[in-house]
Amino acid sequence: MSDDRVRGFPAFGAAGRLARSWWGRAWVRAMEDTALDLRQLKAGRKYAAAGLVGPITVSPGRIAAVVDDVDGGPYRTELRLAELSDADWTRFLDRVASRAGHLAALLDRDMPHDLVEAADDAGVHLLPGIGDLDPECDCPGWELPCRHAAALSFQASWLLDVDPFVLLLMRGKGEREIREALETRTAPRADPLDVDRTPGELPDLAEFRPAGAPSIPAAPGVPAETFALLAANAAGRAKALLAGEPWPGRRPDTVRLAAEFPAAAGRLGSGADFARAVVAWTHGGRAGLDVLDTPWTPPKAALAAARAALADVTDAEPVFDRNHCTVGEVQLRLDRAGRWHPYRFDGGSWWPSGAPESDPGLLLG
């Protein structure tokens, strides 16, 4: 059994928010449509926002936490969801592997509508419907879902926003197990030309070029530099894969290409959001893009250390909002490796403005 079939998540703390992804909202609707008492839902939403839900554990068929209460507790609370059968998993994984777009989206932690619809067409229902979520709680209340189960369900939707593999784990399989199953379905067939090649060695494509062919082939309506871009990108990705580095995902990969090949950026994306993402990658790589896109809640010790470092270089009072720290006209954003990325306000938005540093005081010069 894969060791990722039981996953623990730290408590969110006080964080008033709603589900952002369409599948997170679908989860909430399934709980709301089952509820018998809307007052319990309202109380549960308040409990979730107030941070009364403790660390969350997710395992096949079950999501559980201890939930505090202003009138007592804490109470052991869980939500149960039926696991998929082996036949269901086979049909689902076959559907995902058969569509490159579905595979790329899922590995990029996205769950597009058409992927879920394709699963539904195959008779595999990923998202819960009315009555599929089975709440349990040891509180004295009789209504289900009680406010504690409702609070847990709201916070579960926040987990789903970030990682749809949480839903798939509840349905019975961990991320590692799913990736391995997909790899077996998408592994390329053996190439007879590779029989004598050393494992991990890339072929010399020159031997397959017809005599007299140009170094970069031409195609009607396709600029030659496009082929150069694709060849350079393929070489870079092959090198990364041989080194054991994962593919960054659909959007990050597009942003990376635009950052590494500025001449092609205009054909890869447009608009201020895309430009800002490219700048973020240029300064900080994947971590730079992550702090642009996704706020998170750092440990209190990391924020206390940052506050002390900033006190040595400025008299201004820093304003902290999760992993964002604003000091006057500068905003610093902490990545999960402990580095602070500088931003400056321009044109109504915060723009990445330089390389990250472990010491935030170095970024206020």
Take segment 102-143 and flag every residue that is within 30 Å of Gln40 (Cα to Cα), in a loop (DSSP other than H, G, I, E, B), touching a residue at least 24 places away in the same chain (Cβ under 8 Å) and not small (Gly, Ala, Ser). Met111, Leu126, Leu127, Pro128, Ile130, Asp132, Leu133, Asp138, Cys139, Glu143
Note on segment 151-162: residues at pLDDT 90 or above and either farther than 22 Å from Asp33 by Cβ or more than 15 Å from the chain's Cα centre (by Cα) (or both) are Ala151, Leu152, Ser153, Phe154, Gln155
Can you confirm whether segment 7-22 contains a residue that is at pLDDT 85 or above, more than 17 Å from Pro145 (Cβ to Cβ) and in a helix (DSSP H, G or I)? yes
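Would you mind stating whether Pro298 is surrounded by 14 or more Cβ atoms within 10 Å (Cβ to Cβ), in contact with a strand residue (DSSP E or B) (Cβ under 7 Å, 6 or more places away or on another chain), at pLDDT 85 or above and in a loop (DSSP other than H, G, I, E, B)?
Working: surrounded by 14 or more Cβ atoms within 10 Å (Cβ to Cβ): yes; in contact with a strand residue (DSSP E or B) (Cβ under 7 Å, 6 or more places away or on another chain): yes; at pLDDT 85 or above: yes; in a loop (DSSP other than H, G, I, E, B): yes.
Yes, satisfied.
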Could you please tell me which pairs satisfy a Cβ distance under 8 Å, a separation of 6+ or placement on different chains, a first residue in segment 12-24 that is under 19 Å from Leu41 (Cα atoms) and open to solvent by 50 Å² or more (accessible area, probe 1.4 Å), and a second residue that is in a loop (DSSP other than H, G, I, E, B) and among the small types (Gly, Ala, Ser)? Ala14/Ala50; Ala14/Gly51
When the residues of segment 317-344 are filtered to those that are surrounded by 14 or more Cβ atoms within 10 Å (Cβ to Cβ) and over 26 Å from the mean Cα position of the chain (by Cα), which remaining residue is nearest to Ala275 (Cα to Cα)? Val330
Suppose the filter is hydroxyl-bearing (Ser, Thr, Tyr), open to solvent by less than 30 Å² (accessible area, probe 1.4 Å) and within 26 Å of Gly16 (Cβ to Cβ); does Tyr47 pass it? yes
Selection from segment 130-144 of residues that are modelled with pLDDT of 85 or more and either open to solvent by less than 30 Å² (accessible area, probe 1.4 Å) or touching a strand residue (DSSP E or B) at 6+ places or on another chain (Cβ under 6 Å) (or both): Leu133, Asp134, Pro135, Glu136, Cys137, Asp138, Cys139
Among (1) under 27 Å from Asp161 (Cβ atoms); (2) crowded, with 17+ Cβ neighbours inside 10 Å; (3) over 23 Å from the mean Cα position of the chain (by Cα), there is one condition Ala287 misses while meeting the rest; what is its number? (3)
So Val116 fits all but one of (1) crowded, with 19+ Cβ neighbours inside 10 Å; (2) over 18 Å from the mean Cα position of the chain (by Cα); what number is the exception? (2)
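Would you kindly identify the strands (runs of 3 or more DSSP E) lying entirely within segment 50-98 that contain at least 1 residues that are open to solvent by less than 50 Å² (accessible area, probe 1.4 Å), acidic (Asp, Glu) and touching a residue at least 40 places away in the same chain (Cβ under 8 Å)?
Working: elements: 56-59, 62-69, 72-80.
Passing ranges, in order: 62-69, 72-80.
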Looking at (1) of a type in the set (Lys, Arg); (2) open to solvent by 40 Å² or more (accessible area, probe 1.4 Å); (3) at pLDDT 70 or above, can you tell me which one Arg276 breaks? (2)
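I'm trying to understand the selection: among the residues of segment 54-77, which are of a type outside the set (Lys, Arg) and over 24 Å from the mean Cα position of the chain (by Cα)? Give the steps one after another, and end with the answer.
Step one: list which residues in segment 54-77 are of a type outside the set (Lys, Arg), which gives 54-61, 63-75, 77.
Residues satisfying the conditions are Val66, Val67, Asp68, Asp69, Val70, Asp71, Gly72, Gly73, Pro74, Tyr75, Thr77.
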Please go through segment 25-38 and give me each residue that is in contact (Cβ under 8 Å) with a residue 24 or more places away in the chain, part of a helix (DSSP H, G or I) and touching a helix residue (DSSP H, G or I) at 6+ places or on another chain (Cβ under 8 Å), ordered by number. Arg25, Trp27, Val28, Met31
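State the number of residues belonging to segment 287-344 that are among the acidic types (Asp, Glu) and free of Cβ contacts under 8 Å to residues at least 40 places away in the same chain. Let's see the steps before the verdict.
Applying the first criterion (among the acidic types (Asp, Glu)) to segment 287-344 yields 290, 293, 312, 315, 317, 321, 329, 335.
Checking which are free of Cβ contacts under 8 Å to residues at least 40 places away in the same chain leaves us with 293, 315, 317, 321, 329.
Summing the residues that are among the acidic types (Asp, Glu) and free of Cβ contacts under 8 Å to residues at least 40 places away in the same chain in segment 287-344 gives 5.
The values are calculated or read from the model by the stated rules, or taken from the named source; none is laboratory data. Keep in mind that this is a model prediction, so the values were computed, not measured. Cβ atoms come from the backbone with ideal geometry, glycine included; neighbour counts cover every protein chain shown. Heavy atoms of the whole protein, side chains included, go into the accessibility calculation; ligands, DNA and RNA do not. Shrake-Rupley method; radii C 1.70, N 1.55, O 1.52, S 1.80 Å.
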